[in-house]
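*Asks:* Can you read through this structure? Questions will come right after.
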Amino acid sequence: MPEPGPSARPPIEPYKAKVVEPIRLPTPAEREAALARAGYNLFNLLSDEVYIDLLTDSGTSAMSDRQWAAMMVGDESYAGSRNFQRFESAVKELTGFPHIVPAHQGRAAENLLFSLLVRPGTKVPNNMHFDTTQTHVVRNGGAAVNLAVDEAYDPDSLHPFKGNMDVGRLEKLLLGASAGEVPLVLMTLTNNTGGGQPVSLENLTAVAGICRAHSVPLYLDMCRWAENAYFIRVREPGQGGRSIPEIGRSLFDLADGATMSAKKDGLVNIGGFVATRDRALAERLKEELIVFEGFPTYGGLARRDLEAMAVGLWEATDPAYLAHRIGQVQYLADLLGEAGVPFLKPPGGHGIYLDVRRFLPELPKSELPGQALVVELYREGGVRTVEVGSIMFGESEGGHGPPPLELVRLAIPRRVYSSAQLAYVADVVARVYRRRGSVRGLRMVYAPERMRHFTARFAPSSG
Ligand code: F0G
């Protein structure tokens, strides 16, 4: 399977539309009023105020006709639902993990697992923690340690697997740790915080070997595992002839379990799970589940949601779907590249991450350039994006590791936008880039204690 080429040719959709949802570009005056009302935090916008919504790829997918049909065979029994059986079989078949605990989304899965494993004074290494992962480690008293390879922090490095973990640093950390100090090692596939970058099978094999040598369980944050497997297939020597599920099994076979937000590579609007090989842990997870989410055969979801997940998890492994999806991200990258826009290279699996330090070099850190760029992209063209930088991952959020990259993420929802809409987005970004000297800074006027990027409020800086 060839890697999508550098020519800015839109990839052809391997699907056709059956249902549509009208969208409208608000007027410049409407956008300005919306920004002020939202406290310059785009999480506070109404969706009707947004034209192209690239806030997240999570839970924003278009489901297929087969998934919608699956929703109609919902067996809404409290216990023992047929849909749970089909969901459980699908996850077992895909991952090989024997114990599957459903949850309503990824952070619920993190809460279940980390509240059982993470204790005060422990350390949890990861290539890079996502914000919810980091918060769940920290709220249980642990330290969230980021151990991605150095290339992950270099926006220009074309390393094919910038999601990899620095195995030397992992080995050092585990050698220096007392018994039980590291309750688990995590690997995030793909590395969302670092630009949607994949982990190689070779690196995961090395990480798993080190974990085994130190008797520390290895868990995958497997939200975007199918995209990761696609990159392995096109980039890793010897993997080109293997199917996505085969590559997936090679990844899962190395791990002791996983947390999943099926809102990404499960192609559903809600859903997730914890999977583990540890029977005793699975029993404790189910006890927690009953307290916080619901009975183990529904896990905080309608049973029809489990059925949609059972279908979506497999659809996400279709090579034609993945080639188009990753081709769309590459297409947007090609258009932005032609316009000279600086972004993190190579483009990741689920979006483009603008390199804020080079996009707005004049704006000092104190003027919150990442958020300023997010605001400006909305102001210019009604495009909603998200800051992935020092507001999302600032010191107050409790991470350990190098300072975060300053990025603005354009996350591409799955099977939602056309290439013409992405070309429009590229045009909006290029227009802002051309007039970058006019972008004004912001200051934070309200910050909650935790996960501040969701609810913080901002105002134009006086500078
Ligand atoms: N892990 C990773 C790597 C994620 O990207 C996310 C969510 C989660 C865990 C939590 O899953 O949202 O289902 O509770 N990422 C979304 C995003 C929110 O926009 O990147 P969740």
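*Asks:* When the residues of region 118-143 are filtered to those that are closer than 23 Å to Ala206 by Cα and open to solvent by 30 Å² or more (accessible area, probe 1.4 Å), which remaining residue is nearest to the ligand (Cβ to nearest atom)?
*Replies:* Looking at residues that are closer than 23 Å to Ala206 by Cα and open to solvent by 30 Å² or more (accessible area, probe 1.4 Å), I get Phe130.
*Asks:* Filter region 361-377 down to residues that are open to solvent by 10 Å² or more (accessible area, probe 1.4 Å), in contact with a Leu (Cβ under 9 Å, 6 or more places away or on another chain) and either in a loop (DSSP other than H, G, I, E, B) or over 18 Å from Val50 (Cβ atoms) (or both), then give me how many there are.
*Replies:* 4
*Asks:* Pull up region 255-302, narrow it to residues that are within 12 Å of the ligand (Cβ to nearest atom) and of a type in the set (Ser, Thr, Tyr), then point me to the one that is nearest to Thr205 (Cα to Cα).
*Replies:* Thr259
*Asks:* Quick test of your reading of the structure: Gln239 fulfils all but one of (1) open to solvent by 10 Å² or more (accessible area, probe 1.4 Å); (2) within 23 Å of Phe130 (Cα to Cα); (3) of a type outside the set (Val, Ile, Thr); (4) in contact with a Lys or Arg (Cβ under 7 Å, 6 or more places away or on another chain). Name the failing condition by number.
*Replies:* All conditions pass for Gln239, except number (2).
*Asks:* Would you kindly identify the strands (runs of 3 or more DSSP E) lying entirely within region 71-162 that contain at least 3 residues that are closer than 19 Å to Ala308 by Cα?
*Replies:* Where strands (runs of 3 or more DSSP E) fall fully within region 71-162 and carry at least 3 residues being closer than 19 Å to Ala308 by Cα, they are 99-103.
*Asks:* Another one. Please enumerate the residues belonging to region 258-293 that are within 16 Å of Phe114 (Cβ to Cβ), of a type in the set (Gly, Ala, Ser) and outside any helix (DSSP H, G or I).
*Replies:* Ala258, Ser261, Gly272, Ala275
*Asks:* So which residues in region 82-117 are small (Gly, Ala, Ser) and either within 16 Å of the ligand (Cβ to nearest atom) or not assigned by TED's automatic domain parsing to the domain that holds Asp166 (or both)?
*Replies:* Ala103, Gly106, Ala108, Ala109, Ser115
*Asks:* Let me ask something else. Where residues in region 389-428 are over 25 Å from Pro26 (Cβ atoms) and not in a loop (DSSP other than H, G, I, E, B), which of them is modelled with the highest pLDDT?
*Replies:* Residue satisfying both the conditions and the ranking: Leu407.
*Asks:* Here is a further query. Check region 36-54 and report whether any residue there is more than 30 Å from Ala179 (Cβ to Cβ), in contact with a Pro (Cβ under 9 Å, 6 or more places away or on another chain), away from the ligand (no atom under 16 Å from the Cβ) and not acidic (Asp, Glu).
*Replies:* Yes, that holds for at least one residue.
*Asks:* Restricting region 341-391 to residues that are under 25 Å from Gly163 (Cα atoms) and small (Gly, Ala, Ser), which is farthest from the ligand (Cβ to nearest atom)?
*Replies:* Checking each candidate, the answer is Ser390.
The values are calculated or read from the model by the stated rules, or taken from the named source; none is laboratory data. None of the values given here were measured: they were computed from a predicted structure. Note that we place each Cβ from the backbone using ideal geometry, even for glycine, and neighbour counts take in every protein chain shown. Keep in mind that these areas ignore ligands, DNA and RNA; they rest on the heavy atoms of the full protein, side chains included. Shrake-Rupley method; radii C 1.70, N 1.55, O 1.52, S 1.80 Å.
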